[in-house]
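K.L.:
Here you go, one structure.
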Amino acid sequence: MDQLATIPGLGEAKIEKYGEAFIAVIEPKSLAEKTLSETELESLSLLNQGLTVQDIANARGLKTNTVQTHLATAIELNVCELSNVVALSSEEIESINQQVIALNTIEDGALKPLYEYFEQRYDYGTLKCVVAKMLANSNAVA
């Protein structure tokens with residue numbers, strides 16, 4: 001973190017707010033580990049600047065589902081909070097989590113069974129973000 005202070009434009013406030021996420025992205029990782037692509041980093045950067053998912057989609061000429069997919073990777077890597085991407089109550093998140101477990105979809109990443117179970121109440125991007133948070137939590141325990 002101290003070395004970040006030597007980069008022009010990174011003051012104490014930015015380092016405090018973004019430092020850990022920045023380091024998580026740039027730290028050397030093994031080839032087996034997932035990292036953020038350039039386009040995922042761009043979406044995360046815009047989110048961290050205070051833009052909403054819809055604002056990011058508009059600015060980048062993308063669909064909101066695509067932006068949510070970008071941010072799902074960041075959620076899984078613990079460099080983005082689920083609550084910054086989707087507006088769901090804790091009860092809704094818990095309900096989705098329970099169905100992911102019941103339908104055994106976390107390992108294969110299949111979202112269609114969840115989408116159908118909830119009768120299209122949640123879009124695929126939202127479901128992907130919630131599953132990403134579950135993966136992040138399971139990776140933290142592992």
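The values are calculated or read from the model by the stated rules, or taken from the named source; none is laboratory data. This one's a predicted model, so the numbers in the text were calculated from it and none came from an experiment. Cβ sites come from the backbone with ideal geometry, for glycine too, and all protein chains shown count toward neighbours.
K.L.:
Evaluate the following for LYS17: is it at pLDDT 75 or above, of a type in the set (Lys, Arg) and either surrounded by fewer than 17 Cβ atoms within 10 Å (Cβ to Cβ) or under 27 Å from LEU127 (Cα atoms) (or both)?
P.N.:
For LYS17, the condition - at pLDDT 75 or above, of a type in the set (Lys, Arg) and either surrounded by fewer than 17 Cβ atoms within 10 Å (Cβ to Cβ) or under 27 Å from LEU127 (Cα atoms) (or both) - is met.
K.L.:
Another question, if that's okay. For a quick check of your reading: which helices (runs of 4 or more DSSP H) sit entirely within region 36-134 and have at least 2 residues that are closer than 21 Å to LYS14 by Cβ?
P.N.:
38-48, 53-60, 64-76
Here's the yes/no breakdown for (1) exposed (fewer than 13 other Cβ atoms within 10 Å of the Cβ); (2) out of contact with any helix residue (DSSP H, G or I) (no Cβ under 6 Å at 6 or more places or on another chain); (3) more than 17 Å from LYS17 (Cβ to Cβ):
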residue: GLU40; (1), (2), (3): no, no, yes
residue: SER45; (1), (2), (3): no, yes, no
residue: ALA59; (1), (2), (3): no, yes, yes
residue: THR64; (1), (2), (3): no, no, yes
residue: ILE75; (1), (2), (3): no, no, yes
residue: LEU88; (1), (2), (3): no, yes, yes
residue: GLU92; (1), (2), (3): no, yes, yes
residue: ALA102; (1), (2), (3): yes, yes, yes
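K.L.:
Could you tell me which of the residues LEU114, LEU127, LEU135 is buried (at least 17 other Cβ atoms within 10 Å of the Cβ), under 18 Å from ALA21 (Cβ atoms) and of a type outside the set (Val, Ile, Thr)?
P.N.:
Values: LEU114 fails: under 18 Å from ALA21 (Cβ atoms); LEU127 fails: under 18 Å from ALA21 (Cβ atoms).
The conditions single out LEU135.
K.L.:
Is there any pair linking a residue in region 80-104 that is closer than 16 Å to ALA132 by Cβ to one that is basic (Lys, Arg) and at pLDDT below 95, with Cβ under 7 Å and at least six apart or on different chains, and which?
P.N.:
LEU82/LYS133
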